[in-house]
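Dropping a structure here in structure tokens format, bear with me for questions.
The values are calculated or read from the model by the stated rules, or taken from the named source; none is laboratory data. Note that this is a predicted model, so its numbers are computed, not measured. Positions of Cβ are backbone-derived with ideal geometry, glycine not excepted, and every protein chain shown enters the neighbour counts. Ligands, DNA and RNA are stripped out before the accessible areas are found, and what is left, the full protein with its side chains, is counted by its heavy atoms. Shrake-Rupley method; radii C 1.70, N 1.55, O 1.52, S 1.80 Å.
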Amino acid sequence: MASPLSANRFLDCLRDEGLTVVEVGNWREHNRNHKGPWAPVHGVMIHHTVTRGSAATVELCRKGYEGLPGPLCHGVITKDGRVHLVGYGRANHAGLGDDDVLRAVIAEKALPPDNEANTDGNRHFYGFECENLGDGKDPWPEVQLEAIERAAAAVCRAHGWTHRSVIGHLEWQPGKVDPRGFTMSAMRARIAERLK
């Protein structure tokens, strides 16, 4: 079982991995901890935002919207490869997912199909929202893909996890499709190479 990194350690590990990090407002204290625990943490979850425009995307992920208050992740990875920290602690990003998937992440084994939504993912995952329309046509610039790779690797490195601790939302919750436009198997291969 892993305790979350401190906010300062989280920031440092991202910068140590060579990322440009933008601190947004009171991100260290902005969370949903009053709704439940954030711990133990077991992995990193990658999402796409279904938005266009970096400033609007960051603001949406920080504030949320009616019915789903922010923060909607810990970091927003914009198309220019910057990581915008919008929250720290419990965030509204993972929702309910499959307990079998969680067990596989903890064991760092191949993921089973996600066919249940019975486990609170907001408690157990760091979340990165990535600016993209999610229609399969909106491009993923290489600088953004590299930032996703670096951000996930940074958290894995800090916790002593392997690439198998990184999943997509579509691998966690039935009916989800994000991230669309690259495969999580290809992203995990990149992360594995970076962690060598």
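At a threshold of 8 angstrom on Cα-Cα distance, excluding pairs fewer than six apart, so keeping six or more, what relative contact order does the stretch 103-192 reach in percent?
Working: 73 pairs, mean separation 33.9, N = 90.
With pairs under 8 Å counted, the relative contact order is 38 percent.
What nm value, rounded to one decimal, do you get for the distance between A117 and T162 when each label is placed 7 Å out toward the C-beta?
Placing both labels 7 Å along Cα→Cβ, they lie 3.1 nm apart.
Hey, what does the equivalent ellipsoid look like for the chain, semi-axes from the Cα gyration tensor as sqrt of 5 times each eigenvalue, largest first, whole Å?
On the way: eigenvalues 84, 72, 65 Å².
The equivalent ellipsoid of the chain has semi-axes of 20, 19, 18 Å.
Related question: Just grab the label-to-label distance for E146 and E29, each label 7 Å out from Cα along the Cβ direction, in nm (one decimal).
3.7
Let me ask another. What percentage of the solvent-accessible surface of the chain, computed with a 1.4 Å probe over protein heavy atoms, is contributed by carbon and sulfur atoms?
On the chain, the fraction of accessible area on carbon and sulfur atoms equals 50 percent.
Using the charge dipole of the chain (Lys, Arg: +1 at Cβ; Asp, Glu: -1 at Cβ; taken about the Cα centre), state which of A158, T119, A55 has its Cα farthest towards the positive end.
Working it through, the farthest residue towards the positive pole turns out to be A158.
Tell me, what is the percent relative contact order of the stretch 28-97, built from C-alpha pairs under 8 Å that lie six or more residues apart? If you can, show how the numbers build up before the last one.
Numbers: 94 pairs, mean separation 27.8, N = 70.
Taking the mean separation of contacting Cα pairs over the length of the stretch 28-97, I get 40 percent.
Between T78, T49, T183, which gets the highest mean-square fluctuation from a Gaussian network model of the chain, Cα cutoff 10 Å?
Taking springs between Cα atoms under 10 Å, the residue moving most is T183.
Extension gain S3-E66, at 0.36 nm per residue separation less the Cα-Cα distance, in nm?
19.6 nm
Still on this structure: Using Cα pairs under 8 angstrom and six or more residues apart, how large is the relative contact order of the chain, in percent? All intermediate terms of the calculation are to be shown ahead of the outcome.
Values: 433 pairs, mean separation 54.2, N = 196.
Computed value for the chain: 28 percent relative contact order.
Counting only heavy atoms of the protein chains, get the accessible area per residue of the chain (1.4 Å probe) and round it to a whole Å² value.
It amounts to 43 Å² per residue over the chain.
Ok, one more. Please report the accessible area of L96 (heavy atoms, 1.4 Å probe, ligands and nucleic acids excluded) in Å², nearest 10.
90
Let me ask something else. With the crude spin-label approximation of a point 7 Å out along Cα→Cβ, what separation in nm comes out for L96 versus V22?
Here the answer is 3.5 nm between the modelled labels.
Please get the size of the charge dipole for the chain, origin at its Cα centre, with Cβ charges of +1 on Lys and Arg and -1 on Asp and Glu, quoted in debye to the nearest 20.
Once rounded to the nearest 20, the dipole reads 320 debye.
Taking the Cβ of T78 as the center, what net charge do the other residues with Cβ under 10 Å away carry, scoring Lys and Arg +1 and Asp and Glu -1? Provide the component values of the computation, followed by the final result.
On the way: positive: K79, R82; negative: D80, E129, E131.
Its environment carries a net charge of -1.
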